[in-house]
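S.K.: Have a look at this one before I ask anything.
Just so you know, all these numbers are worked out from the coordinates, no wet-lab data involved. Because the structure is predicted, anything quoted here is derived from the model rather than measured. Don't worry about glycine lacking a Cβ; one is built from the backbone with ideal geometry, like all the others, and counts go over all protein chains shown.
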Amino acid sequence: MYFDGLSFLEEEREAWLPFEALLELTDEQLERPIDGAHGWRGRDLMAHMGVWVGWWRAIAEELAIGPTSSTRDRLSEIQRDWEKQGDALNGRYQAEWAALPMEELRRRFSILPGELRGYLTVVPETRWLKNADNLKSLLGNTTEHYAEHEPDLRAILAAAGN
């Protein structure tokens, strides 16, 4: 799919860019539940996206140091049992991020994707791009996940008049 890491990094950056519009919304707009987005608020979408990018940011940090990642192992366990625990886990993450002050939510949401990209630039490609399992997980938590939530993003932005 990708010949080099830069190709992925460029595609990921372009796919994430529309989500950055959430940072332009007011706190009030981010707190408003939206019917067309599973009843989520903008801050819920920010939390959901941030959590899963954050998982891979942590994985990339570990892969930059060595060939394995204990965080990746934990994520694999979660993915194997997703049908049983996925909704509960997403709910827990949503609650954790909902407890954050808006300023901290915005900070995390704005820096996590760039940190992920930064780490991936120093991770040997054999550990992520050329590792089928890691690449599948990375795509599932980034570009494929972004595409899955584009309708939610559109609904939130439309409700805010953007």
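S.K.: Restrict the search to segment 23-95; then list the GluC sites (Glu not before Pro) that DSSP places in a loop and that have at most 11 other Cβ atoms within 10 Å of their Cβ. List each step's numbers first, then the result.
M.R.: Details: sites: E24, E28, E31, E61, E62, E77, E83; in loops: none.
Passing both the DSSP loop test and the Cβ count: no residue.
S.K.: For the chain, what D do you get in µm² per second when you plug the Kirkwood radius from alpha-carbon pairs into Stokes-Einstein at 10 °C and 1.306 mPa s?
M.R.: On the way: Rh = 16.3 Å.
The Stokes-Einstein estimate is 97 µm²/s.
S.K.: Give me the net charge for the shell around N162: Cβ to Cβ below 11 angstrom, other residues only, Lys and Arg +1, Asp and Glu -1. Before the final figure, lay out the partial values.
M.R.: Details: positive: R154; negative: E24.
Around N162, the surrounding residues sum to 0.
S.K.: Say each of E96 and H38 gets a label point 7 Å from the Cα, pointing the same way as Cα to Cβ; how far apart are those two points in nm?
M.R.: Simple spin-label model gives 1.6 nm for this pair.
S.K.: Before rounding to the nearest 500, sum -39500 (n - 2.57) across all DSSP H runs of length at least 4 in the chain and divide by the residue total; then give [θ] at 222 nm in deg cm²/dmol. Can you show the working numbers first?
M.R.: Details: 9 runs with 116 residues, N = 162.
The helix contribution divided over the chain gives -22500 deg cm²/dmol.
S.K.: Then there's this: How much net charge surrounds W40 when only other residues with a Cβ under 14 Å from its Cβ are counted (Lys, Arg +1; Asp, Glu -1)? Kindly include the intermediate steps, with their values, before the conclusion.
M.R.: Numbers: positive: R32, R41, R43, R154; negative: E31, D35, D44, D87, E148, E150, D152.
Net local charge, W40 excluded: -3.
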